[in-house]
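Undergrad: Take a look at the following structure, please.
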Amino acid sequence: MELRQAIEQRRSVRRFKADPVPDEYIWALLEAARLAPSGSNIQPWRFVVVKSREMRQKLSECTFGLKFVAQAPVTIVCCADMTAVETRPQRMAELWEAGAFAGTDLENLNPADFAQHRTMDEKTARAYVSLNTAIAVEHMVLRAVDLGLGSCWVMMFRPQEVKELLGLSDNLIVVALLSVGFPDQSPPPRPRLKREDILLKWV
Ligand SMILES: Cc1cc2nc3c(=O)[nH]c(=O)nc-3n(C[C@H](O)[C@H](O)[C@H](O)COP(=O)(O)O)c2cc1C
């Protein structure tokens, strides 16, 4: 499938067939996430695949009444690891060694200098790892379309309850749930702002 088609055909799907999602499809989604770009290549995304009926039901109870989370054959709990921020010097050094900065000013930096990277306060770091994780989530969403799957981003949940349910450590932020399955509905395109509403300037 063309990327353009995947972008245009994607919908938030909230009704799924009972057919199970083959594990190789789930791995394909995780692979799409793994390949996502991230600031300084810190790759803060971490995932929990929820397939068991019992856990799907419990997970759905952590949402604000979203029954489709229990109905979907798989929900991927998408987390951001706050400790990934501390790996920036190491990740930057890897990039440097791989020649990612060849021909740029960064090429002349000594990898040891990456250790003196700019620091972030807690709030900024949380936003940073979360936005990087969101990119990986949307990679999975588009790959799902390519595989004939439907998905729905879910942020209407109580994060602390999800963390307790899955025994997730304090360094993890639950950014979103992604419910996935074969679609049992074909929603029409949802309303969007017009081009002129989103383009501020073209200078
Ligand atoms: C970050 C994010 C959070 C969302 N959270 C929810 C949610 O909690 N529950 C839900 O039913 N849909 C959720 N959605 C789906 C949106 O409602 C949907 O993307 C939007 O209405 C546009 O429809 P479309 O995705 O079919 O184009 C979320 C989408 C995004 C990107």
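Undergrad: For a quick check: sort Asp113, Asp81 by the number of other beta carbons within 10 angstrom, fewest at the front. Kindly include the intermediate steps, with their values, before the conclusion.
TA: Values: Asp113 14, Asp81 19.
Fewest to most other Cβ atoms nearby, the residues stand as Asp113, Asp81.
Undergrad: Between the alpha-carbon centers of region 182-203 and region 78-156, tell me the distance in whole angstrom.
TA: Between the Cα centres of region 182-203 and region 78-156 lies a distance of 26 Å.
Undergrad: Then there is this: Indicate the gyration tensor shape class of region 101-155 (rounded, prolate or oblate), computed on the Cα atoms with a ≥ b ≥ c the square roots of the eigenvalues: a/c under 1.5 is rounded; otherwise a/b larger than b/c is prolate and the rest oblate.
TA: oblate
Undergrad: Which of the listed residues, Phe182, Pro22, Ala127, is farthest toward the dipole's positive end in the chain, when Lys, Arg count +1 and Asp, Glu count -1 at the beta-carbon?
TA: Farthest along the dipole direction, towards plus: Phe182.
Undergrad: Pairs of alpha-carbon atoms within less than 8 angstrom and 6+ residues apart define the contacts here; what relative contact order does region 64-186 have, in percent?
TA: Working: 128 pairs, mean separation 54.0, N = 123.
In percent, rounded to a whole number, it is 44.
Undergrad: Using Cα atoms only, what is the angle between the long axis of helix 88-97 and the major principal axis of the chain, expressed in degrees (0 to 90) to the nearest 10?
TA: Tilt of helix 88-97: around 70 degrees.
Undergrad: Still on this structure, please answer the following. If I model a spin label as a point 7 Å beyond the Cα along the Cα-Cβ vector, how far apart are those points for Ser186 and Arg34 in nm?
TA: 3.4 nm
Undergrad: Give me the angle, in degrees from 0 to 90, between the Cα long axis of helix 122-146 and the longest principal axis of the Cα atoms of the chain, rounded to the nearest 10.
TA: Long axis of 122-146 versus the principal axis of the chain: about 50 degrees.
Undergrad: Let me ask something additional. Explain nothing, just the number: relative contact order of region 1-107, from Cα pairs under 8 Å at least 6 residues apart, as a whole percent. Could you put the intermediate results ahead of the total?
TA: Working: 89 pairs, mean separation 31.2, N = 107.
Value for region 1-107: 29 percent.
Undergrad: Can you sort Thr119, Thr75 from fewest to most other Cβ atoms within 10 Å of each residue's own Cβ?
TA: Working: Thr119 9, Thr75 28.
Final ranking by Cβ density, sparse to dense: Thr119, Thr75.
Undergrad: Now, a different point. Could you please rank Ile7, Ile198, placing first whichever residue has the fewest other Cβ atoms within 10 Å of its Cβ?
TA: On the way: Ile7 11, Ile198 8.
Arranged by neighbour count, lowest to highest, Ile7, Ile198 become Ile198, Ile7.
Undergrad: Which percent, to the nearest 5, of DSSP beta bridges fully inside the chain are antiparallel?
TA: Details: 21 of 22 bridges.
Roughly 95 percent of the beta bridges in the chain run antiparallel, per DSSP.
Undergrad: Order the peptides 11-20, 161-170 from the highest to the lowest mean number of other Cβ atoms within 10 Å of their residues. Present the calculation step by step, with values, prior to reporting the outcome.
TA: Details: 11-20: 15.7, 161-170: 14.2.
So the peptides 11-20, 161-170, ranked by packing, come out 11-20, 161-170.
Undergrad: Note down the nm distance, to one decimal, between modelled labels 7 Å out along Cα→Cβ at Gln57 and at Arg15.
TA: It works out to 2.3 nm between the two label points.
Undergrad: Work out, step by step, the length gained on full extension between Val203 and Thr104: first 0.36 nm times the residue separation, then minus their alpha carbon distance; give nm to one decimal. Walk me through the numbers before you get to the answer.
TA: Numbers: separation 99, 0.36 × 99 = 35.64 nm, distance 2.54 nm.
Using 0.36 nm per residue and subtracting the Cα-Cα distance, I get 33.1 nm.
Undergrad: Per the helix-only calculation at 222 nm, which mean residue ellipticity applies to the chain, given -39500 (n - 2.57) for every DSSP H run of n ≥ 4 and division by its residues, nearest 500 deg cm²/dmol? Kindly include the intermediate steps, with their values, before the conclusion.
TA: On the way: 8 runs with 79 residues, N = 203.
Counting only the DSSP helices, I get -11500 deg cm²/dmol.
Undergrad: Tally Lys/Arg at +1 and Asp/Glu at -1 over every other residue whose Cβ is under 11 Å from the Cβ of Leu149; what's the total?
TA: On the way: positive: Arg10, Lys17, Arg143; negative: Asp19, Asp146.
My count for the surroundings of Leu149 gives +1.
Undergrad: Scale the Cα Rg of the chain by the rule-of-thumb value 2.2 N^0.38 Å and send over the ratio, two decimals.
TA: Values: Rg = 19.1 Å, N = 203, 2.2 N^0.38 = 16.6 Å.
That works out to 1.15 for the chain.
Undergrad: Next up: Relative to 2.2 N^0.38 Å, what does the C-alpha radius of gyration of region 117-203 come to as a ratio? Two decimals please.
TA: Numbers: Rg = 17.2 Å, N = 87, 2.2 N^0.38 = 12.0 Å.
For region 117-203, the normalised Cα radius of gyration comes out at 1.43.
Undergrad: While we're looking at this one, here's another question. Quick check on my link table: of Lys163/Lys201; Lys123/Lys163; Lys17/Lys163, which ones sit more than 30 Å apart, alpha carbon to alpha carbon? Numbers along the way, then the final one.
TA: Numbers: Lys163/Lys201 42 Å; Lys123/Lys163 19 Å; Lys17/Lys163 28 Å.
Lys163/Lys201, as the Cα separations exceed 30 Å there.
Undergrad: Given charges of +1 on the Cβ of Lys and Arg and -1 on the Cβ of Asp and Glu, with all other atoms neutral, how large is the dipole of the chain about its Cα centre, in debye to the nearest 20? List each step's numbers first, then the result.
TA: Working: 26 positive and 25 negative charges, 208 e Å.
Dipole magnitude for the chain comes out near 1000 debye.
No lab work stands behind these numbers, since they all come straight from the coordinates. Source: prediction; values computed, not measured. Reconstructed Cβ throughout: ideal geometry from the backbone, glycine too, with neighbour counts over all protein chains shown.
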